[in-house]
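To start, the structure under review is shown below, and the notes come after it.
The values are calculated or read from the model by the stated rules, or taken from the named source; none is laboratory data. Quantities reported herein were computed from a predicted structural model and do not represent experimental measurements. For neighbour counting, all protein chains shown are included, and Cβ atoms are generated from backbone atoms with ideal geometry for every residue, glycine included. Protein only, heavy atoms only, side chains kept; ligands, DNA and RNA dropped before computing areas. Shrake-Rupley method; radii C 1.70, N 1.55, O 1.52, S 1.80 Å.
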Amino acid sequence: MADQTAADLAILQGFDRKRESAWAGLFNGARTSFIMFEGREEHLGFGKAECEWVPASFWTEELVALGWIEVEDSNKRPALGMDDLPEGRKPWAWDRVIRVTERGWAVRDADLEDFRRVMAERRRDDERAKERADARQ
C-alpha cells in the first residue's frame with residue numbers, strides 16, 4: 001500500500017461513525033448529481049440517509065480538501081416556477097456533481113482490503129476457539 005493511501009486510510013479510520021458511514025454510503029447507491037437551489041446549499045439529496053446525516057461541508061469542504069472527491073457546479077440559472085417574484089428576488093438553481101477522485105478510490109479500496117483482512121482474522125479466531133472448545137469436550 002502506498003504511503004499516501006496508508007495515511008488516507010488512517011484518516012478514514014479516524015472519522016466518527018457518521019462520517020465513516022457517509023463515505024461508505026457514497027459507494028453503495030448514493031446519488032452524486034443534484035440540482036441545487038440558492039438558500040438551500042446545505043441540502044444534498046443523496047437518497048442515502050447515511051450520506052445526509054453529515055453536514056454538506058463534509059462533502060463540499062472536508063473531502064475536497066483531502067483530495068478524495070471533486071465537486072463541480074455548472075449551469076447556473078434562475079430557478080423555475082417562481083414567476084411571481086420580482087426579477088432581482090428570484091433564487092438561482094444550478095447543477096452539482098460529486099466525483100470520486102483516483103485518490104478517493106484508492107482509499108475506498110484500501111478500506112475494503114482492511115475490512116476483509118479483519119474479517120478473515122475473526123473467522124480464524126472463531127475457528128480456533130471452536131477447536132479448543134471441541135478439544136475440551
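Cβ-Cβ below 8 Å, separation at least six or inter-chain, first residue in the range 118-137 and touching a residue at least 12 places away in the same chain (Cβ under 8 Å), second open to solvent by 100 Å² or more (accessible area, probe 1.4 Å) and part of a helix (DSSP H, G or I): which pairs?
Nothing qualifies.
Mind listing whichever residues of the range 34-85 are under 14 Å from Trp23 (Cα atoms) and either over 18 Å from the mean Cα position of the chain (by Cα) or among the acidic types (Asp, Glu) (or both)?
Listed by number, the residues that qualify are Glu50, Glu52, Glu61, Glu62, Glu70.
Could you run through the range 5-50 and say how many residues are in contact (Cβ under 8 Å) with a residue 12 or more places away in the chain, within 21 Å of Glu102 (Cβ to Cβ) and among the aromatic types (Phe, Trp, Tyr)?
Qualifying residue count, the range 5-50: 2.
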